[in-house]
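To keep things clear, I will list the structure first and then write my remarks on it.
The values are calculated or read from the model by the stated rules, or taken from the named source; none is laboratory data. What you are looking at is a predicted structure, and each value in this text was computed from that prediction instead of being measured. Cβ placement follows ideal geometry from the backbone for every residue including glycine, while neighbour counts extend to all protein chains displayed. Areas reflect the complete protein model, heavy atoms only, side chains present, ligands, DNA and RNA absent. Shrake-Rupley method; radii C 1.70, N 1.55, O 1.52, S 1.80 Å.
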Amino acid sequence: MPDEQAPDQDPFHGPELTDALVPLFVISKGWALPPDQEYERTALVTAQEGASAATRALPPEAQTIIDLVADGFLSVAEVAGYTRLPLGIVRILLAQLEEIDLIFVRKPVPQAEHIDIELLGAVLAGLKTRFGA
């Protein structure tokens with residue numbers, strides 16, 4: 001009787017990169033997120049022109065990200081949701097892709113730090129005077 005191997009010991013069918021047995025640092029190749037590239041969840045990501053042609057040498061997760069953002073903008077949170085990867089890992093992969101100029105990241109527009117209530121009141125009073133509300 002031939003010596004049968006268990007399916008999990010088959011050398012030709014190793015664990016998938018999305019398998020729980022594969023640590024996340026394998027996907028990010030041990031990289032940490034550089035402090036100057038801490039992408040906010042609402043930052044928008046899109047692929048640079050010709051990025052799809054360069055994906056053959058990339059890991060499968062990076063290829064998936066390029067495919068997702070090839071036709072438009074997605075937020076960092078949406079990329080994490082579609083890829084089912086943790087947000088931290090997605091940020092590291094985005095930093096790697098931005099470093100080799102395959103993606104463009106548009107930072108979110110900052111909210112106004114201080115709202116001048118008196119100015120808004122004056123504008124409202126002017127509108128009421130002008131339009132009689």
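Find how much the distance from Thr42 to Ala54 grows on full extension, using 0.36 nm per residue of separation minus their present alpha carbon separation; answer in nm with one decimal. Present the calculation step by step, with values, prior to reporting the outcome.
On the way: separation 12, 0.36 × 12 = 4.32 nm, distance 2.60 nm.
Here the answer is 1.7 nm.
The modelled label-to-label distance for the pair Asp71/Asp116, using points 7 Å beyond Cα in the direction of Cβ, is 4.5 nm.
Check each of the trypsin sites (Lys or Arg not before Pro) in the range 57-133 and keep only those in coil by DSSP with at most 10 other C-beta atoms within 10 angstrom; list them in order. Here the trypsin sites (Lys or Arg not before Pro) that fit, given the DSSP loop and packing criteria, are Arg84.
The candidates Ile89, Ile117, arranged from most to least accessible area with a 1.4 Å probe in the full protein assembly, appear as Ile117, Ile89.
Of the GluC sites (Glu not before Pro) found in the range 84-133, those that fall in a DSSP loop while having at most 13 other beta-carbon atoms within 10 Å are Glu113.
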